[in-house]
Protein chains: 2
Amino acid sequence: MREKITIKDIAKALQLSVSTVSKALRDSYEISAETQTLVKDYAAKHRYQPNPIAQGLRKGNSKSIAVIVPNIDNNFFSQVINGIESIAHKKEYNVIITQTHESFDREVLTVQHHFSRSVDGLIVSLSSETENTDHFAEVQKNGLPIVFLDRVPDSINTHKVIANNFLGAYEATQHLIHQGFKRIAHITSTNFLSITKERLAGYIRALEENDIPLNEDYIKYCAHGGMIKDEVYAAVYDLMTLRKKPDAVFTASDRLSTTTLSILHQLKIKIPEQMAIAGFTNSISADIFNPSFTTVKQPAYLMGKTATEMLISILESKRPVVNFEKKILDTNLIIMDSSKKYHSKVSAISR
Amino acid sequence: MREKITIKDIAKALQLSVSTVSKALRDSYEISAETQTLVKDYAAKHRYQPNPIAQGLRKGNSKSIAVIVPNIDNNFFSQVINGIESIAHKKEYNVIITQTHESFDREVLTVQHHFSRSVDGLIVSLSSETENTDHFAEVQKNGLPIVFLDRVPDSINTHKVIANNFLGAYEATQHLIHQGFKRIAHITSTNFLSITKERLAGYIRALEENDIPLNEDYIKYCAHGGMIKDEVYAAVYDLMTLRKKPDAVFTASDRLSTTTLSILHQLKIKIPEQMAIAGFTNSISADIFNPSFTTVKQPAYLMGKTATEMLISILESKRPVVNFEKKILDTNLIIMDSSKKYHSKVSAISR
DNA sequence: TACTTTTGCGAAAACGATTTCGCAAATTTT
DNA sequence: AAAATTTGCGAAATCGTTTTCGCAAAAGTA
């Protein structure tokens, strides 16, 4: 590794000008083959590494992309990030990860921060507090490309990657219904988030198709997506004190699923006897939950990869991109014990 | 936010030179009070943001610190990172997170990458493959400050932050012994990692103090720290086919704990009846595991904060730092069902 | 031979900020 | 009133790279 060597040092050593060295290293046609090999050999021998800060200043880019997610201590997002890095590093982009902790204010600050540090592009999953997306519109207008993932806004026209939330929710709810559960509650995030709306729609469709009337009391919104335990506690408590208690619950996101399960334990509610549960989560430990947890898994790694490919395609496109795409990837329902109805009529008949 | 405005634009608008503007913004004594307010007001009104790339080039720093950890899809490290960010952001440092995925080669590459991009400092937790630490010695010699966390090398003289691994392991093993378990296995990472050695030592001390002979067959090393399931499977399978099967197992790290639990389930081994388990993990879901999981929790958030404070103290120190410190923070044993011995003589007597 | 074109390279500007130095004008000291 | 000092500001260098432009020498064409 030695000392840091610059293009200037090479020029001096080889009695060349800095411009010649720079061009030689970048395979300019202006430079003769001999000079090129001369320079390149010297650079290789002395382990020359271009200074990316200087390059960034000159070229106006930073070869880095910023990721803005609600949290990273959550298997869904950490898997997404792994996917992002797998592509970004291959293309020599640096990845800067920032968390909003579900706060709108932090999200605004973070976006401006990245803009002013001139990252080349943004991959974003909205905070659960975000209704207004002007901060994205503004930086986008100023030339910063954005790709949204998972929690995406309608209001911004750009590439988006989401799971098939509608179908995932529909299948999970159908599964609960087929198991024989009749009164299925739904615990979800704030109602303006795309994932909330889509998953809610899938839930409602499944109920409709089975002629189960929709009960508004069964739908609980948690503003912080499961990050604040008390919020979820209140939701579960409300459900359990209804005159007609639900017999199953469908949870809409990663943290909501684990938090709800934890609270059911705390309230000593037997699962699935007193309350069955199924939900969206990419937890790597769903199989060792008590009971093992029926999950809708999103293709998190693939979603991260896809978003990054989309972003880099914008970054490397010669002409401004105007046709944007929304990719919808399939979810995967993994049936475990938390949604089993052992003594239901339906399962008795179906045998 | 508008267009990006530079110091040059301000100079032009105010009929001043760029140097005057620069100095006015940085409170230079050379600039009169009127000019200062003039410049500052204009800058504020037009939301001037200094370009950090240009600043970095000029000042030779980047106001950013890099974090190198084995993985982020692991609650221990994601909590550590939250701690790191809480301090770094307050001090206006950017945090760049990179994962080694427990690979030595990736670790070497990553270190060099960060060095060449001139980050200001490194916070590192070693990969499980890392025996040789020359790559750190070299960049450190070239002026890059490093703070190690959790998995730390002896060979590098710098600040370090670890949990009290010895005591944490000792307490967990003592707990298993007090519950009445006699044959306690230990599943851990590669044996040259600091955490492996320290936790192993705590385990051995607890056995010694209770006159339980050490059985080498009961100690299993998994080179990838639980990332490769087959490796852990082999370890557990070995243990279960011993003539004298262990009746409890103490797992040494976050991913090892969850993976081992998962495999015990897979092998349909009843916990804790056939095999009790306790282990290091910062999983946020330990309470909903089946059975609820007895854990040694590290103060991950605090460890991240502490490491960052140490690093920034080096960065902001006027004179080279020569006295380095190793901070040891206490762990927390949380007793749950996975380590309960319902029918043991000991617990019968103790009642 | 005289002219045009190509080839290979260097000088210099540029990116945006910081900092050293120099220089007038204003102020203070003798 | 002359000399010395302070004050307030601008010119220019600098960080390391890329890129435009210009200019010789070499090669090709008439």
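How many of the residues in the range B:234-259 are hydroxyl-bearing (Ser, Thr, Tyr) and away from chain A (no Cβ under 14 Å)?
3
Testing residue A:21 on (1) more than 9 Å from DNA strand C (Cβ to nearest atom); (2) surrounded by 21 or more Cβ atoms within 10 Å (Cβ to Cβ); (3) more than 13 Å from chain B (Cβ to nearest Cβ), one condition comes back false. Which one is that? Only one criterion is unmet by residue A:21, namely (1). Evaluated against (1) at pLDDT below 95; (2) more than 9 Å from DNA strand D (Cβ to nearest atom); (3) within 30 Å of residue B:306 (Cα to Cα), residue B:60 falls short on exactly one condition, (2). Kindly provide the set of residues from the range A:81-100 that are more than 10 Å from every other protein chain (Cβ to nearest Cβ) and of a type in the set (A, V, I, L, M), ordered by number. Those that are more than 10 Å from every other protein chain (Cβ to nearest Cβ) and of a type in the set (A, V, I, L, M): A:84, A:87, A:88. Condition check: more than 9 Å from DNA strand D (Cβ to nearest atom) and among the basic types (Lys, Arg). Does residue B:47 satisfy that? Yes. Among the residues of the range B:54-74 satisfying the criterion of being within 15 Å of residue B:95 (Cβ to Cβ) and within 10 Å of the chain's Cα centre (by Cα), which is farthest from the other protein chains (Cβ to nearest Cβ)? Top of the filtered list is B:68.
Every condition in (1) within 13 Å of DNA strand D (Cβ to nearest atom); (2) within 41 Å of the chain's Cα centre (by Cα) is met by residue B:33 except one, and the failing one is (2). Considering each residue of the range B:126-141 in turn, none proves to be free of Cβ contacts under 8 Å to residues at least 40 places away in the same chain and at positive phi. At least 3 residues being among the aliphatic types (A, V, I, L, M) and surrounded by fewer than 22 Cβ atoms within 10 Å (Cβ to Cβ) is the threshold, and among the helices (runs of 4 or more DSSP H) wholly inside the range A:248-351 those reaching it are A:300-316, A:345-350.
If the condition is being within 11 Å of DNA strand C (Cβ to nearest atom) and either charged (D, E, K, R) or within 25 Å of residue B:119 (Cβ to Cβ) (or both), then the range B:43-60 contributes B:49, B:50, B:51, B:52, B:53, B:54, B:55, B:56, B:57, B:58, B:59, B:60. Residue check: residue B:63 meets all listed conditions (1) closer than 30 Å to residue A:76 by Cα; (2) away from DNA strand C (no atom under 13 Å from the Cβ) but one, namely (2). Figure legend. Inter-residue proximity from the range A:13-29: first residues β-branched (Val, Ile, Thr), second residues more than 7 Å from DNA strand D (Cβ to nearest atom) and assigned to a helix (DSSP H, G or I), beta-carbon distance below 6 Å, spacing 6+ or different chains. Indicated pairs: A:18/A:11; A:21/A:10; A:21/A:11; A:21/A:39. For residue A:40, the conditions (1) more than 9 Å from DNA strand C (Cβ to nearest atom); (2) under 24 Å from residue B:53 (Cα atoms); (3) basic (Lys, Arg) all hold with the exception of (2). Scanning the range A:198-209 for residues that are surrounded by fewer than 14 Cβ atoms within 10 Å (Cβ to Cβ) and in contact (Cβ under 8 Å) with a residue 12 or more places away in the chain gives a single hit, A:209.
What about residue A:32, is it within 12 Å of DNA strand C (Cβ to nearest atom) and surrounded by 14 or more Cβ atoms within 10 Å (Cβ to Cβ)?
So residue A:32 does not fit the description; no.
When only residues in the range A:285-307 that are within 23 Å of residue B:270 (Cβ to Cβ) and of a type in the set (Val, Ile, Thr) count, which is farthest from the other protein chains (Cβ to nearest Cβ)? In this case the residue turns out to be A:294. Between B:95, B:67, the distinction of being surrounded by 15 or more Cβ atoms within 10 Å (Cβ to Cβ) and modelled with pLDDT of 95 or more belongs to B:67 only.
Per the conditions (1) at pLDDT 90 or above; (2) of a type in the set (Gly, Ala, Ser); (3) within 16 Å of DNA strand C (Cβ to nearest atom), the sole criterion not satisfied by residue B:86 is (3).
Output the residues belonging to the range B:210-244 that are in contact (Cβ under 8 Å) with a residue 60 or more places away in the chain and either of a type in the set (Phe, Trp, Tyr) or farther than 17 Å from residue B:278 by Cα (or both).
Result: B:223, B:224, B:227, B:244.
For the range B:32-53, the criterion of being more than 12 Å from chain A (Cβ to nearest Cβ) and under 19 Å from residue B:311 (Cβ atoms) is met by none of the residues.
Note on the range B:101-208: enclosed helices (runs of 4 or more DSSP H) holding 1 or more residues that are under 15 Å from residue B:65 (Cβ atoms) and within 14 Å of chain A (Cβ to nearest Cβ) are B:104-116, B:134-141. Right, residue A:28: more than 14 Å from every other protein chain (Cβ to nearest Cβ) and within 22 Å of residue A:298 (Cβ to Cβ) or not? So residue A:28 fails the test.
The values are calculated or read from the model by the stated rules, or taken from the named source; none is laboratory data. As the structure is a prediction and not an experimental result, all values here were calculated from the model. Neighbour counts run over all protein chains shown; Cβ positions are idealised from the backbone, glycine included.
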